[in-house]
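What follows draws every value from the coordinates through simple rules; no lab data is involved. On a predicted model such as this, the values are computed, not experimentally measured, just so you know. So basically every Cβ, Gly included, is an ideal-geometry build from the backbone, and we count neighbours across all protein chains shown.
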Amino acid sequence: MKMRLIMPLLALSLAFGPSAFARTVTDDAGNKVTVKAQAHRIADGWYAHHSLLMTLGAGDRIVATVNHASDRPWMFKIQPSLNQALSVHGRSFNSEALLAAKVDTVFVAAEDADADAYRRAGLPTLVMRFDDFPSMEHSLLTTADVVGTPQARQRADAYNAYLEQQIAAIQAKTAGLSDSQRPRVLHIQSLHPLKVDGRNTLIDTWIKLAGGRNAAAEVNGNMKETSPENILFWQPDIIIIGAGAGSLADSDYATLFSNLKAVKNHQVWQNPAGVFPWDRYGTEAALQIQWAAKLLHPQLFPALDMIKTTQDFYRRFFDYPLTAVQAQRILQAKGPE
């Protein structure tokens, strides 16, 4: 009987090394996952989660990715090791390919149906999920725990402190605004098909924090299809177009939306995008809230220089010395030159 117990343990030790299954970590879905002392070779199945690993100084540990340089040019420029990573279209990795690549840790998004397949292959798999700032901070700490280095934990603490500092500074200036002082902001994620971001989203959170009202508040959730008639009815004061969605002026709705207040007042803006689109679920949300606050209430933030702020953030959290020109291109949702 003892021999039967010893043989599987010996096989695991030979396959993964003596420190392979050293700790138990609770992922964002509440699953208890046994992981190595450090995650050295990571497969990341959530597009946005790459920015968390890069923030922790662990981007070079990603050996399998769902992102592509054509879609995320700044991510691959700032973390060039991703160009050598195993790449897939969609979000499904082949378990055998991950084992061949000696992957020791897999991160997946909450709704990823492939998690069980990775687990059956013996790959420690963690579900990551956040939809507001507190849960993002928690997810970053969990990721740092899995990475397992002192630097990762220090970076997680530093980032969370930075984010909370920015939230507090913005709230101090916007919390007292009346409804009439808060512009109606519509965030369009896609023009074809027409999709908007409603309440109970991180987008709704930063709109409110920045001193606005979500024009699509009657919609619940992210990336929800809507009709042009709804947008005409909502009459937003400001329209923010997600990076990669194209231009409203070049869309099928250019003529139809020409009488919107936001269009007539030239308040249609493209959202910045760097390592990941700032408006969505990545660590650059700390930059998004500052950009949005400056956009909605420039008189409240006269000293905020977004070019310098962006350069400082990338130097601190991505170890990358952006030039002023590069920072400006990111703010304009343009890729590297």
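In terms of other Cβ atoms within 10 Å, Trp269, Trp74 run from fewest to most in the order Trp269, Trp74. Scaled to the globular estimate 2.2 N^0.38 Å, the Cα spread of the chain, given as radius of gyration, is 1.08.
The H on the amide N of Leu191, modeled in the peptide plane, is under 5 Å from the matching H of no residue at least 5 residues off or on a different chain. Charged side chains reduced to their Cβ positions (Lys and Arg at +1, Asp and Glu at -1) give segment 176-331 a dipole of some 300 debye around its Cα centre.
Count charges around Val66 for me, please; just the other residues with Cβ under 13 Å from its Cβ, Lys/Arg as +1, Asp/Glu as -1. Don't jump to the answer; show the numbers that get you there.
Details: positive: Arg72, Arg91; negative: Asp44, Asp71, Asp112, Asp114.
Combined, the nearby Lys, Arg, Asp and Glu give -2.
Calculated mean residue ellipticity, 222 nm, the chain: -11500 deg cm²/dmol, from DSSP H runs (n ≥ 4) at -39500 (n - 2.57) each, averaged per residue and rounded to 500.
What separates the Cα centres of segment 34-99 and segment 202-271 is a distance of 32 Å. Please compute the net charge surrounding Gln79, taking Lys and Arg as +1 and Asp and Glu as -1 over other residues with Cβ under 10 Å from its Cβ. Computed value for this residue: 0.
Since only Gly246, Asn200, Leu300 are under comparison, the one whose Cα sits farthest along the positive direction of the charge dipole of segment 176-331, derived from C-beta charges on Lys, Arg, Asp and Glu, is Leu300. Working from Cα pairs under 8 Å separated by at least six residues, relative contact order for segment 47-143 is 22 percent.
Of the complete DSSP H runs in the chain, those spanning 20 angstrom or more by Cα along the long axis with a mean Kyte-Doolittle score not below -0.5 are 2-16, 133-147. By the rule of a C-alpha distance below 19 Å, with chain neighbours fewer than 8 residues away ignored, the lysines paired with Lys195 are Lys224.
Considering only Ala217, Ser190, Pro321, the residue lying farthest towards the positive end of the dipole of segment 176-331 is Pro321, judged by Cα position with unit charges set on Cβ.
Spin-label model, Lys102/Ala121: points 7 Å from Cα along the beta carbon direction are separated by 1.7 nm.
Rounded to the nearest 20 Debye, what is the dipole magnitude of the chain about its Cα centre when Lys and Arg each give +1 and Asp and Glu each give -1 at the C-beta?
Details: 33 positive and 32 negative charges, 127 e Å.
That gives the chain a dipole magnitude of about 620 debye.
FRET efficiency for the Ser247 to Gln151 pair, using the beta carbon distance and R₀ = 51 Å, is estimated at 0.80. Packing, as the average of other Cβ atoms within 10 Å across residues, places the peptides 152-163, 89-100, 136-147 in the order 136-147, 152-163, 89-100, highest first. Spin-label model, Leu300 to Asp131: label points 7 Å out along the Cα-to-beta-carbon direction sit 2.6 nm apart.
Under 5 Å from the amide H of Arg184 lie the amide H atoms of Arg213, Asp237, Ile238, each residue being 5 or more positions distant or on a separate chain, with H modelled from the backbone and absent for Pro and chain starts.
So how much slack lies between His40 and Ala113, counting 0.36 nm per residue of separation and subtracting their Cα-Cα distance, in nm? Don't jump to the answer; show the numbers that get you there.
Numbers: separation 73, 0.36 × 73 = 26.28 nm, distance 2.41 nm.
Extra length from His40 to Ala113 when fully extended: 23.9 nm.
Local charge for Leu248 was computed over the other residues whose Cβ lies under 15 Å away, with Lys and Arg +1 and Asp and Glu -1, and equals 0.
Sorted into 5 angstrom bins from 0, the C-alpha pair distances of segment 176-331 split as 2, 9, 18, 23, 20, 15, 9, 4, 1, 0 percent.
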